[in-house]
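So the structure is just underneath, and the comments pick up after that.
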Amino acid sequence: MALPRASPEPHVRAIPSAWTHTDGGSMLQEAQEALDTYKKKDSNKVVVRFKAVGNAPIMKQNFYKITASNRFQAVIQFLRKELGWKQGDPLFTYINLAFSPAPDDTVANLFKVRQLSFERLYAYHNLALAHSTTAAWG
């Protein structure tokens, strides 16, 4: 007696995917374009004005253009290099003489905060960064 043959895929159900929906793959294309845009290197620059506070040495040049997508840690490392300070030497940094940014903030975000906070008060179009060897503000 022969057993009945089972079909290779007895109850296969096709579940529509958001990526292969009937829109012709435009969502997949939009997602790929967004990913490609994210991967591109940001060429926007922010002008950073360095200002010495307290007994910190004054830099020969105060204005530098820094890539906006850089983390603030890169600015700290650049400042240490320009001042000739070692990793263990104390360095305190303040944005707009008001707050000390976190090393993982981006320069672009700090500039946006400055624009939102001080746009009406000042006509400057740069990021003011004060540096000191001791804590200058709480």
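What pairs can you find where one residue is in the stretch 21-45 and closer than 30 Å to residue 74 by Cβ and open to solvent by 100 Å² or more (accessible area, probe 1.4 Å), the other is at pLDDT 80 or above and not in a helix (DSSP H, G or I), and their Cβ atoms are less than 7 Å apart, with a gap of 6+ or different chains?
These pairs meet every condition: 45/65; 45/66; 45/67; 45/68.
If we keep just the residues of the stretch 57-105 that are of a type in the set (Asp, Glu) and open to solvent by less than 60 Å² (accessible area, probe 1.4 Å), which is farthest from the chain's Cα centre (by Cα)?
Within the stretch 57-105, the match that is farthest from the chain's Cα centre (by Cα) is 89.
Looking only at the stretch 60-92, which residues are over 18 Å from residue 113 (Cβ atoms) and small (Gly, Ala, Ser)?
Within the stretch 60-92, 84, 88 qualify.
Residue 67 is checked against (1) hydroxyl-bearing (Ser, Thr, Tyr); (2) in contact (Cβ under 8 Å) with a residue 40 or more places away in the chain; (3) under 16 Å from residue 130 (Cβ atoms) and fails just one. What number does that condition carry?
Only one criterion is unmet by residue 67, namely (3).
The values are calculated or read from the model by the stated rules, or taken from the named source; none is laboratory data. This is a predicted model, so every value here is computed, not measured. Ideal geometry is used to build each Cβ from the backbone, glycine not excepted, and the neighbour counts take in all protein chains shown. Ligands, DNA and RNA are stripped out before the accessible areas are found, and what is left, the full protein with its side chains, is counted by its heavy atoms. Shrake-Rupley method; radii C 1.70, N 1.55, O 1.52, S 1.80 Å.
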